[in-house]
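The values are calculated or read from the model by the stated rules, or taken from the named source; none is laboratory data. Note that the coordinates shown come from a computational prediction; the quantities given were computed from them, not determined experimentally. All Cβ positions, even for glycine, are placed from backbone atoms using ideal geometry, and neighbour counts span all protein chains on display. Surface areas here come from the heavy atoms of the whole protein model, side chains and all, with no ligands, DNA or RNA. Shrake-Rupley method; radii C 1.70, N 1.55, O 1.52, S 1.80 Å.
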Amino acid sequence: LAPGLASVKITVNGGSSTIDNVPVSAVNPGIFETADTSGRKYAVATKDVDGSYVSTSNPARRGDVIRVYLTGLGQVTPSTATNRAGIAGQMVLAPIIVGVNNAGVPLGTAEYMPGVIGIYMVTFTVPADAPSGSSIPLSFGVTGPNGTTVYSNTSNLAIQ
């Protein structure tokens, strides 16, 4: 969809409703999250080395390559269209900022997830000087075509 306003039709159990003037942005990043038993939210993240989920019982370690799952990162190349599943090698066009513990860290890769709709995978290496703890802040920024950077929700990442 082109940025601007759109109408959205929602159909559930045979009934439908249309909502007009829904804003559509070129980028609007959001981190997929899970919550622990106390309600604290953690980024859905996996370790590249073995695919295991990062959690308080399986924290990331300094030097680990971590893959985080997001939505709203915008266009990719080769291009795709609305309601199309990703294919291997579709890289995000927009510049991405990775923030760990409120500091920028180098981006590894940012790509559209093969076989699914609307999910992107971003990788980065946990810095050697990252603090350890069960709730290290994690966020992302995406610079849209108009030059404005839009930031994601801030989530948590467990680091040992």
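Those residues that are part of a loop (DSSP other than H, G, I, E, B) and open to solvent by 20 Å² or more (accessible area, probe 1.4 Å), I need them from the range 107-138; list them, please. Matches in the range 107-138: MET113, GLY115, VAL116, ILE117, GLY118, ILE119, PRO127, ALA128, ASP129, PRO131, SER132. Might you check whether a residue that is more than 30 Å from SER134 (Cα to Cα) and among the acidic types (Asp, Glu) occurs anywhere in the range 13-22? Scanning the range 13-22 turns up at least one residue that is more than 30 Å from SER134 (Cα to Cα) and among the acidic types (Asp, Glu).
Quick one: is THR80 without any contact (Cβ under 8 Å) to a residue 12 or more places away in the chain and either surrounded by 14 or more Cβ atoms within 10 Å (Cβ to Cβ) or assigned to a strand (DSSP E or B) (or both)? No; evaluated as a whole, the condition is false for this residue.
One line per residue, one yes/no per condition, for (1) closer than 16 Å to ILE119 by Cβ; (2) in contact with a helix residue (DSSP H, G or I) (Cβ under 8 Å, 6 or more places away or on another chain); (3) open to solvent by 70 Å² or more (accessible area, probe 1.4 Å):
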| position | (1), (2), (3) |
| --- | --- |
| PRO29 | yes, no, no |
| LYS41 | no, no, yes |
| VAL49 | no, no, yes |
| PRO59 | no, no, no |
| VAL68 | yes, no, no |
| GLN75 | yes, no, yes |
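Taking the condition buried (at least 16 other Cβ atoms within 10 Å of the Cβ) and farther than 20 Å from ALA26 by Cβ, does GLY104 pass? Answer is no for this residue.
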